[in-house]
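Asker: Let me give you the structure first, and then I'll get to my questions.
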Amino acid sequence: MTNHTDTIVLVPGGAGEVGAGIVQAFLDTGPTVIVPSRSQDHPDDLHKHLESTGTATDQLTSLVGNIGQIDGAKELRDDILEQFGRVDTVVASLGGPQPIERLIDVPQEMWDQVIDNFMTAHFVVARTFLPLLAEQDEGSYTMINGLSGPTGDIAAPASGLMAIASAGEHMLMRALAESAEHHGESVRINELVPLTPLITRSRTNTDSEWMPAEEFGLVAVALAMEYNYHREAIGVYSQSDVRRWQVRSGEWTPV
Ligand SMILES: NC(=O)c1ccc[n+]([C@@H]2O[C@H](COP(=O)([O-])OP(=O)(O)OC[C@H]3O[C@@H](n4cnc5c(N)ncnc54)[C@H](OP(=O)(O)O)[C@@H]3O)[C@@H](O)[C@H]2O)c1
């Protein structure tokens, strides 16, 4: 596997279920990986989980702060710039509990929280870190989303709120990409979507249809290397999709 020891990767939401798999996949290729979290407990759990999988964590830096709010994100950005000088790649895997509720029964508090976790936090991270990537020749910005975003499908009658938030995140990706192009910025902005349930540290399943989150994370690594992709919504359905991505980016060569 290619070694990316000079690369600085930021994974907002990296202490979450999907984020932990993305962090593991990046760490295996050698870059510095920075994971912000609003709590100290989540990074501690992430470290323990990674160590239990045999993943080396010496290149992992955890920072406590709220990357989903303007002031917290600025503080984290300043801290990162002071410690590392730049950011090359962002993979934002933000989210939270996914409510199952008939749309017209959704309390405003739940509405606000889902919009905050799935849309506002993505907006704030992009607003704060995209200008840094725009300074890099080959900066890569990836947003993790659910299926409803790019397809517009509503998975179940009670998942309307999630579908709305995912669709908003999808349009955010497109609008950010459009704006970057308009301003002549070379940063590549894409969206990456698991099309099959993921096996995560707290959601284990031996069903062969399910994919380990760290396998999905390998596509995030490949996408960071793949210079032709921009403004794309990329679905990952199976482990053969993962292999195709690794081959395409030169990350992995079949024997
Ligand atoms: N889990 C799956 O199988 C699956 C399948 C398909 C798609 N997805 C997509 O993957 C993404 C991540 O899902 P997940 O299951 O990994 O979620 P998760 O376990 O809840 O992790 C999300 C992380 O995002 C951070 N976050 C959430 N709201 C935030 C906010 N307002 N401000 C700052 N940070 C915030 C949290 O970090 P801290 O609390 O540590 O600060 C949390 O660790 C979502 O877009 C989801 O739709 C997941």
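The values are calculated or read from the model by the stated rules, or taken from the named source; none is laboratory data. Worth saying up front: this structure is predicted, and the values here are computed from it rather than measured. For neighbour counting, all protein chains shown are included, and Cβ atoms are generated from backbone atoms with ideal geometry for every residue, glycine included. Each accessible area value is taken on the protein alone, full model and side chains, heavy atoms only, with ligands, DNA and RNA left out. Shrake-Rupley method; radii C 1.70, N 1.55, O 1.52, S 1.80 Å.
Asker: Scan the stretch 133-144 residue by residue and report those that are modelled with pLDDT of 95 or more and open to solvent by 10 Å² or more (accessible area, probe 1.4 Å).
Answerer: Ile144 - this is the single residue of the stretch 133-144 that is modelled with pLDDT of 95 or more and open to solvent by 10 Å² or more (accessible area, probe 1.4 Å).
Asker: Among the residues of the stretch 182-239, which ones are within 12 Å of the ligand (Cβ to nearest atom), assigned to a strand (DSSP E or B) and farther than 20 Å from Pro131 by Cα?
Answerer: Leu192, Val193, Pro194, Leu198, Ile199, Met211, Pro212, Gly235, Val236
Asker: Conditions: (1) over 30 Å from Ala158 (Cβ atoms); (2) more than 15 Å from the ligand (Cβ to nearest atom); (3) open to solvent by less than 80 Å² (accessible area, probe 1.4 Å). Leu63 meets all but one. Number of the miss?
Answerer: (2)
Asker: Does Ile115 meet the test of being within 16 Å of the ligand (Cβ to nearest atom), open to solvent by 10 Å² or more (accessible area, probe 1.4 Å), among the β-branched types (Val, Ile, Thr) and more than 23 Å from Val23 (Cβ to Cβ)? Quick ask: steps written out before the conclusion?
Answerer: Numbers: within 16 Å of the ligand (Cβ to nearest atom): yes; open to solvent by 10 Å² or more (accessible area, probe 1.4 Å): yes; among the β-branched types (Val, Ile, Thr): yes; more than 23 Å from Val23 (Cβ to Cβ): yes.
Criteria met by Ile115.
Asker: So which residues in the stretch 82-103 are farther than 29 Å from Ala233 by Cβ and open to solvent by 60 Å² or more (accessible area, probe 1.4 Å)? First the steps, then the outcome.
Answerer: Initially, the stretch 82-103 is screened for residues farther than 29 Å from Ala233 by Cβ, giving 82-85.
Once the filter is applied, which keeps residues that are farther than 29 Å from Ala233 by Cβ and open to solvent by 60 Å² or more (accessible area, probe 1.4 Å), the stretch 82-103 yields Glu82, Gln83.
Asker: Right, another one. For the list (1) surrounded by fewer than 16 Cβ atoms within 10 Å (Cβ to Cβ); (2) under 18 Å from the mean Cα position of the chain (by Cα); (3) of a type in the set (Gly, Ala, Ser), I need the number of the one condition that Ala158 fails.
Answerer: Single failed check for Ala158: (2).
Rundown of residues vs (1) aliphatic (A, V, I, L, M); (2) closer than 14 Å to Glu169 by Cα; (3) under 17 Å from the mean Cα position of the chain (by Cα); (4) part of a loop (DSSP other than H, G, I, E, B), yes/no style:
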{"residue": "Ile67", "(1), (2), (3), (4)": "yes, no, yes, yes"}
{"residue": "Lys74", "(1), (2), (3), (4)": "no, no, no, no"}
{"residue": "Asp79", "(1), (2), (3), (4)": "no, no, no, no"}
{"residue": "Gln83", "(1), (2), (3), (4)": "no, no, no, no"}
{"residue": "Val87", "(1), (2), (3), (4)": "yes, no, yes, yes"}
{"residue": "Pro97", "(1), (2), (3), (4)": "no, no, yes, yes"}
{"residue": "Glu109", "(1), (2), (3), (4)": "no, no, no, no"}
{"residue": "Gln113", "(1), (2), (3), (4)": "no, no, no, no"}
{"residue": "Asp116", "(1), (2), (3), (4)": "no, yes, yes, no"}
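Asker: Does Arg127 satisfy the condition of being more than 9 Å from the ligand (Cβ to nearest atom), surrounded by fewer than 20 Cβ atoms within 10 Å (Cβ to Cβ) and among the basic types (Lys, Arg)? Let's see the steps before the verdict.
Answerer: Working: more than 9 Å from the ligand (Cβ to nearest atom): yes; surrounded by fewer than 20 Cβ atoms within 10 Å (Cβ to Cβ): yes; among the basic types (Lys, Arg): yes.
Here the answer is yes, as Arg127 does meet what is asked.
Asker: Applying the selection to the stretch 14-59, what residues are assigned to a loop (DSSP other than H, G, I, E, B), within 16 Å of the ligand (Cβ to nearest atom) and either within 19 Å of Arg86 (Cα to Cα) or touching a Cys at 6+ places or on another chain (Cβ under 7 Å) (or both)? Spell out how you get there, then give the answer.
Answerer: As a first pass, look at the stretch 14-59 and keep what is assigned to a loop (DSSP other than H, G, I, E, B): 14-16, 28-31, 38-40, 53-59.
From the residues that got through so far, the ones that are within 16 Å of the ligand (Cβ to nearest atom) too are 14-16, 38-40.
Gly14 - this is the single residue of the stretch 14-59 that is assigned to a loop (DSSP other than H, G, I, E, B), within 16 Å of the ligand (Cβ to nearest atom) and either within 19 Å of Arg86 (Cα to Cα) or touching a Cys at 6+ places or on another chain (Cβ under 7 Å) (or both).
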